[in-house]
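Every number in this text was worked out from the coordinates using simple rules, so none of it is lab data. Since this is a predicted model, take the numbers as computed values, not measurements. Reconstructed Cβ throughout: ideal geometry from the backbone, glycine too, with neighbour counts over all protein chains shown.
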Amino acid sequence: MRELKVVAPELRLDPERALDGLDWTEVFGEPGRVEIEIGPGKGKFLVEAASTRPDVHMLGVDWANKYLRMVEGKALRAELKNVRFIRIDAKEFVHRAVPEHSVSAYYVFYPDPWPKKRHHKRRFFQPPTIDDLSRTLIHGAYLHVATDFRGYWEHLEPLLDAHADFERQAAFGSPEFPVPTDQPLTNFEAKYLVQGRDRFRGSWRRKDA
Ligand SMILES: C[S@@+](CC[C@H](N)C(=O)[O-])C[C@H]1O[C@@H](n2cnc3c(N)ncnc32)[C@H](O)[C@@H]1O
């Protein structure tokens with residue numbers, strides 16, 4: 001694949017270096033709370049969440065340069081200082097790059113559903129990746145998930161509910177959730193709501209040690 005020009009090199013992490021393990025203070029230039037959005041796409045959620053909370057560091061992880069360029073452009077126009085991006089497979093990233101118990105929230109909204117059975121192994125939510133999410137979340141921190149695809153929800157919801165480290169929340173969201181949950185969270189969600197598609201959302205809290 002031809003590598004497209006990076007819009008904002010100062011916002012983009014080097015995937016090769018990241019896989020040796022990240023130091024968040026080095027990444028963001030200061031200590032602070034770190035939250036990760038897996039697959040931000042066009043970036044509506046990430047940009048809004050970062051704009052409303054300049055003291056929170058947000059990292060967008062996406063393997064599509066097309067989307068990263070779009071969201072980096074929005075971040076530059078909004079003059080956001082608290083965002084970074086990385087182009088990488090999110091499963092590998094969470095497995096190898098993210099330090100243990102260092103993340104204050106994961107957001108995974110409308111991940112690719114890979115509906116065909118022979119492609120299910122490509123889905124982000126698999127038992128080893130769920131273990132990696134648990135291992136890298138701070139105790140008491142949250143994982144927030146949304147999908148429009150019933151088959152994917154029926155796959156991931158029981159895995160998360162049954163995981164010993166996660167506690168299902170009665171309602172989607174958390175006390176620190178950065179934007180109103182009754183408004184469309186992401187570009188896909190806004191589009192799907194207009195189309196009247198199903199919406200499944202859930203939040204799980206990483207249990208205390
Ligand atoms: C269906 S889009 C949803 C985008 C956004 N979350 C939204 O709701 O508007 C899925 C996004 O996840 C990214 N993605 C899918 N699988 C990925 C993977 N394994 N690693 C990194 N990014 C991935 C895609 O490039 C795309 O940006």
Restricted to the chain, the DSSP antiparallel beta bridge percent, nearest 5, is 30 percent
Residues whose built amide H sits under 5 Å from the amide H of PHE85, excluding neighbours closer than 5 in sequence, are ARG12, LEU13, GLY60
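For the peptides 126-132, 68-74, what is the packing order when you average, over each peptide's residues, the other Cβ atoms within 10 Å and list the highest mean first? Could you put the intermediate results ahead of the total?
Details: 126-132: 15.4, 68-74: 20.3.
Result, highest mean Cβ count within 10 Å first: 68-74, 126-132.
Full extension from SER102 to ASP182: what is 0.36 nm times the residue separation minus their Cα-Cα distance, to one decimal in nm?
Details: separation 80, 0.36 × 80 = 28.80 nm, distance 2.84 nm.
26.0 nm is the gain from fully extending SER102 to ASP182.
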For the chain, Rg(Cα) over 2.2 N^0.38 Å is 0.96
Given backbone amide H placed at 1.01 Å from N, residues whose amide H is under 5 Å from that of GLY173, ignoring those fewer than 5 places away on the same chain, are SER203
From DSSP H assignment alone, runs of 4+ in the chain each adding -39500 (n - 2.57), the sum over residues rounded to the nearest 500 puts [θ] at 222 nm at -9500 deg cm²/dmol
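Between VAL194 and LYS81, how high is the FRET efficiency from 1/(1 + (r/R0)^6) when r is the Cβ-Cβ distance and R₀ = 35 Å? Nearest 0.05.
Numbers: r = 33 Å, r/R0 = 0.95.
Result of the calculation: an efficiency of 0.60.
In percent, how large is the relative contact order of the chain, given Cα pairs closer than 8 Å and 6 or more residues apart?
21 percent
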